[in-house]
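Read-outs: derived from the displayed coordinates by stated rules, not from any lab. Nothing here was measured: the structure is a model prediction, and the numbers come from that model. Positions of Cβ are generated from backbone atoms using ideal geometry, with glycine treated the same way; all protein chains shown enter the neighbour counts.
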Amino acid sequence: MTTETTKGKYNVIGTRPIRHDGYDKVTGRAIYGADVKLPGLLQGAVLRSPHAHANLKSIDTSAAKALPGVHAVVTHHDFPAAEANLVDLGEGAVNFKHASNNVMAEDKVLYKGHPVAAVAAVDKNTALEAAALIKVVYEVLTPVTDVMEALKPGAPILHADLEGQNLGEKIDGQTNQANHIRHEFGDIDAGFAEADLVVEREFTTSMVHQGYIEPHNATATWDEENRVTIWTSTQGSFPTRRQVAGVLRMPDSQVKVIPLEIGGGFGGKIPSYLEPVAAILSRESGRPVKLLMERSSVFEATGPTPGSWMTAKVGVKKDGTITAAHTDIRFEAGAYPGSPVGAAMMCVFSCYDIPNTRIDGYDVVVNRPKTAAYRAPGTTQAAFAMETVIDEIIEELGMDPIEFRIKNASKEGTRRADGPIHPIIGNIETLEAAKASDHWNTPLEKNGPDGILRGRGVASGYWFNIGLKSAVTISVNEDGTVALTEGSTDIGGSRASISMMAAEVLGIPVEDVRPHVADTEGIGYTDVTGGSRTTYATGYASHDAAQDVVSQLRERAAKLWDVDTDEVEFSNGNYQSKSDPELKLSHKELSSKLGSTGGPVVGSASVDPEGAGGAFSTQIADVEIDPETGKTDVVRYTIVQDVGTAIHPAYVEGQMQGAVVQGIGWALNEEYFLNDDGAMVNSSFLDYRMPTTYDLPPIETVIVEVPNPGHPFGVRGVGEVPIVPPVATIANAIHDALGIRLRESPMNAGRIRKALEEKG
Amino acid sequence: MHPFEYVRAKSVDEAVAALAKHGERARPFAGGTDALVMARAGRWELDALVDIKHIPETNILELGSSEFRHGAAVPCYKVYESPEISAAFPGLVDSASIIGGIQIQSRAGLGGNLCNASPSGDGICALIVHNTTCVIAGPNGKREVASEDFCTGPGRSVIGNGEMLVELKIPTPKKGFGAAYQRFTPRNEMDIAVAGVASSVQLDGNTIVSARVALAAVGPTPILSTAGDSLAGKEATADNISAAAQIASSEATPISDMRGTAEQRTHLVGVLARRTLERAVERARENN
Amino acid sequence: MVEKVRVRATLNGEPVDFLVAPYVSLLDTLRDELGLTGTKEGCNDGNCGACTVNLDGRIVDSCCVLGAEIDGSTVETIEGMAEPGQLHPLQQAFLEEAALQCGICTPGFLISAKALLEKDPHPSEHDIRFWLAGNLCRCTGYDKIVKAVQKVADSA
């Protein structure tokens, strides 16, 4: 179902063409990072720490080097000395000392799976055997893996040199608290004093992983000019170039990154893990080297999203008006600072218009893998706290969950708790669409067969979306087709949506646009495919590059007709003289005359747009629970979301459905399970339980279109906000079914049983 | 991974000879869904994997009037895709159809599931409540072991160096026999039991002549509970079944780990014992 | 050093004859020895189905099969699914229904779904979901995959 305000407005936008890269992907021809083949290619392996926290005393690589078939063995000694230097990567910043130490441990290992050495050999098994021959002496230290434990005085310290900050002041002495920041607005005490009802609760969530199916990979060559070429599956070839150059201490221009097809990322394929290691192995061996990460290391050593400890406190008047809210959000950053607590703080209250707010956020290092972005980073956790407290208040007041949200909804002009004023947003439109949905209007029978209990939950979420830099070039072929070159790696159909916007401007069929994702030497700087920015910003560049083509084609037509360029009008793919109706050429006809009117036409644009539009989603879940076992099944699910303009509605729905299902896994079963030594023990797809198709109902989608005025076609990002509400939605549904409030995720069967027993 | 040889044995003797040659550094290999994972993870260091899938005896699948012969290399799907076998052994189908997904069931079988000797093996308890006898071949000939005595610890069994499982001999159910296996898993498929229970009953009218209850994932090996014995001679009533389920629950000796807490598992055993006994009785009544 | 073994098999309808180290999985054999990189590695332990191929008429996780084992067998991979110039109806339906996002799990899903429809041309939604539970997808939420398979089943 679509609430399509843009229906009929466009020719190409809003249709559902087959994606250009689809044929290669259904036939097995598409080349992903692991599929790269090069002459003389060596295979690598990485040796990783079995300990969560230890000093590295010594590494003896002699036996590994002596194994026949081994071409190089490297440790941190082979890497340039790391330099502390903070660089923004678009979705999160990187400190190169930390990035360098994360790809290869220097003096300490900070989590199980932390790389300590690497090997290149004639084949994979030889490399693995050689890695097993490396002797590492560790001085094992007590790990600290829990955010609240890490903040306690006397906790094991990860970084002796960490300069912790507390509300802008440097913390004296050693600490794991990288930062504590606060946003305050209004008079929080007066706001709570004014309230008739105040609910304050505490929450914890477990660290979870993005769970992309394709493991990390990197292939590198280091050539005679000391130039590095990297083939990899990445969300951003330019940010990868910057990270590799930063770790290798060379200019960005010395590194070329060739992005291959990418098997999922969700934020986790922004950081570089293997690329610098493959480059150093290539330098040492003089051969191309490929590294493939094993699944267990993907879990143990690459970017999860933080586990958290949070409080949420909300005050309301009897009539349901929210008067004040306070939240304290403490995130596990992992081994190095840089959790997404800032993003969580930007979003946590943003569905509501609250006059008095305080938001505290803590970034805390713990002995776990360094966290990375994961789809609306940090915001699912925060929404779990906020939206279940809101649900409790709604229950207490006896109000309707959607009416309560509409009453308190943020709208154009509402000040976000962290400062910015909301521009035109679709929060209320989304809530109204949820209220009108078939799901919401279908009563739920609370008692099922065999003692099964059913419940329905609702929750909302917000994500701000980002813009950042993108470049696109479009060259016109003589047959009227165009070749579109972009720098955004395509994780989920973006070639199609970017092409559709160019086709819309040029007035040609989308099949006549041939999109191509270029390497870092084939297109201007382009930021990551992340932050829900690709269709927005690269689409913006596509629009502008197509406009550039149109303006050049108008000049060509003017030249042909010997009139002023101003005399040539363009509409619906046709170029026409204003004064002489006989003078009219279609895009295709005009394209055939380029050779005789001055040669090729190439349009280009590079953008850094500021008008990314925030997105809202409201979701409804029905669950069935077996109270004897605690087993929860999601039996119906509806997601309602303002997408601005749905360029390719099928892939918009796909983003919504995929995010919801990740959220369902997060809510019910996914977690990092650590043993007493701080080592993750469930690092496989068997025991890190992501939903299978047999665990799920169809995911119903309701697309709401409130166009973003900051984009020529009204695009808002769509990929992230859908994962914000699910954990809270499921928590509220479980409460509706069983009358218990779970404030710890995952809300697995064991926890449900325990809560039921405590309830009695 | 230590490089190993692949030996395709054509007979039990050939397989036993190859296994005996390498001692503990060789393993029989059927579905491979455990063996290759163990070798790759470095938990088994092997010089040889001995493929037993090309041996006539290990592929036998013969439903006789008194005995069902199930070769050690028979994959799960052959059990549930055979109308005769699935009609006679719904309790085995319960297990064979939930070991991994369809891909795994194309290769993995009840024999390998037993030999892997995981406490959570979904097939083992079903074999135990069907009074299965395991035929083992070795350098000194063949021997037979009751399925409840087969596993000796997590990943350990009575299979010694040079030995292999050849077949499972399962009594063909008489009228009034019913069995069922159920497990609790957070996911609906592709998961490993937090706890599992298999139950079987032999009814005479509404009297339980004999019963067996076996527990998965709640001890170092699958456990043959005395809950079954407690039902012998009793009526198949809800109260009697509940009482037996309590016994099963009390005999569980689980640990807490990433898959569940000891408390949760003990509780689940009680629930699953009751449910599988009820289901077994239902099936026994249908089988009259 | 263990010696490579000779394997003769039928791969996507063509005879193949090659040498492979006996400990190498069928997955790596296809990808590294036979150049067929359409079969993907997701977990290498039989829990994601990205490496699903059809072996003698049954779907298997090729990471849990040895390359040496397929001597005498028939193997079908994603590269053999389409007829020249003509996609398999499932491939076409996956494109039309937007049943893939990143595409890494797609070959495995297609091989699995094809085996299902060959066994049961008219599966219910429940049957499809049960059969495909051995294939993980993290992008789509499965909804459009199930619909694509249903679309082909309905038109059969």
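Among the residues of C:71-77, the average count of other protein chain beta-carbon atoms within 10 Å of the residue beta-carbon is 1.
Find how many whole Å separate the alpha carbon centroid of the stretch A:717-732 from the alpha carbon centroid of the stretch A:264-327. So the two Cα centres are separated by 18 Å.
Using a simple spin-label model with pseudo-atoms 7 Å out from Cα toward Cβ, C:V2 and B:D149 lie 3.4 nm apart. Of the residues A:A502, A:V568, A:V198, the one whose Cα sits farthest towards the positive end of the charge dipole of chain A is A:A502 (charges of +1 on Lys and Arg Cβ, -1 on Asp and Glu Cβ, taken about the Cα centre). Taking amide H positions as modeled 1.01 Å from N, with prolines and chain starts lacking one, the residues under 5 Å from C:A82 and 5 or more places away or on another chain are C:H88. Across all Cα pairs in the stretch A:668-726, the calculated P(r) in 10 Å bins from zero up to the longest distance comes to 16, 29, 25, 19, 10, 1 percent per bin. Estimated from the Cβ-Cβ distance and a Förster radius of 60 angstrom, the FRET efficiency linking A:A63 and A:S579 is about 0.10.
Mean separation of Cα pairs under 8 Å and 6 or more residues apart, divided by the residue count, gives chain A a relative contact order of 16 percent. When chain B is treated as a Gaussian network with alpha carbon springs shorter than 10 Å, the biggest mean-square fluctuation among B:V37, B:V218, B:V209 belongs to B:V37. Taking each residue as 0.36 nm, the span from B:S86 to B:E45 lengthens on full extension beyond its C-alpha to C-alpha distance by 11.0 nm.
Across the stretch A:17-65, the fraction of Cα-Cα pairs farther apart than 14 Å, rounded to a whole number, is 74%. The Cα center of the stretch B:148-201 and the Cα center of the stretch A:148-204 differ in position by 52 Å. Shown is the FRET efficiency for A:T442 and C:K119, computed with R0 = 25 Å from the Cβ-Cβ distance and rounded to the nearest 0.05: 0.10. Of B:R107, B:R25, B:R187, which is the most mobile in a GNM of chain B whose springs link Cα atoms less than 10 angstrom apart? Result: B:R187 has the largest fluctuation of those listed.
With the convex hull drawn over the C-alpha atoms of the stretch B:177-286, the volume per residue is 86 Å³. Note that the stretch C:74-84 has calculated 3J(HN,Hα) couplings of 10, 10, 10, 10, 4, 5, x, 7, 8, 6, x Hz, one per residue in order, obtained from phi through the Karplus relation 6.51 cos²θ - 1.76 cosθ + 1.60 (θ = phi - 60°); glycine and proline are x.
Using only Cα coordinates, the Kirkwood hydrodynamic radius of chain C works out to 15.9 Å. Note on chain A: semi-axes of the ellipsoid equivalent to its C-alpha gyration tensor, largest first and rounded to whole Å, are 41, 38, 23.
Karplus-based coupling profile of the stretch B:218-227, in residue order and whole Hz: 10, x, x, 9, x, 10, 8, 7, 7, 4, with θ = phi - 60° in 6.51 cos²θ - 1.76 cosθ + 1.60 and x standing for Gly or Pro.
Rounded to the nearest 500, the 222 nm mean residue ellipticity of the protein assembly as shown from helices alone is -8000 deg cm²/dmol, with -39,500 (n - 2.57) taken per DSSP H run of at least 4 residues. Full extension of the chain between A:I171 and A:Y10 gives 52.3 nm of extra length, using 0.36 nm per residue less the Cα-Cα distance. By the Cα gyration tensor, the stretch B:1-172 has an equivalent ellipsoid whose semi-axes, rounded to whole angstrom, run 24, 17, 15 from largest to smallest.
Chain B gives an Rg/Rh value of 0.98, both radii derived from C-alpha positions and Rh following Kirkwood. Taking amide H as placed 1.01 Å from N in the peptide plane, the amide H of B:T132 sits under 5 Å from that of B:S147, each at least 5 places away or on another chain.
Among the trypsin sites (Lys or Arg not before Pro) within the stretch A:236-336, those in coil by DSSP and having at most 16 neighbouring Cβ atoms inside 10 Å are A:R249, A:K317, A:K318.
Three principal axis extents describe the C-alpha atoms of the stretch A:498-605; from largest down they are 48, 25, 24 Å. Along chain A, the longest continuous region that contains none of the GluC sites (Glu not before Pro) in a DSSP loop with at most 15 other C-beta atoms within 10 Å is A:226-411. Across the stretch A:467-483, computed HN-Hα scalar couplings (Karplus, 6.51 cos²θ - 1.76 cosθ + 1.60, θ = phi - 60°) run x, 6, 8, 8, 10, 9, 10, 10, 10, 8, 8, 5, 8, x, 6, 10, 9 Hz from first to last residue, x flagging Gly and Pro. Axis of helix B:262-286 versus longest Cα principal axis of chain B: the two differ by about 80°, to the nearest ten degrees.
For A:H77 and A:D562, the FRET efficiency from 1/(1 + (r/R0)^6), where r spans their Cβ atoms and R0 equals 60 Å, is about 0.25. Counted over all Cα-Cα pairs of the stretch C:89-155, pairs farther apart than 19 Å make up 17 percent. Per the Debye formula on identical point scatterers at the alpha carbon atoms of the stretch C:5-80, with no solvent, log10 I(q)/I(0) at q = 0.13, 0.17 Å⁻¹ is -0.30, -0.52.
Once both labels are positioned 7 Å from their Cα atoms along Cα-to-Cβ, the gap between A:A84 and A:E200 label points is 3.6 nm.
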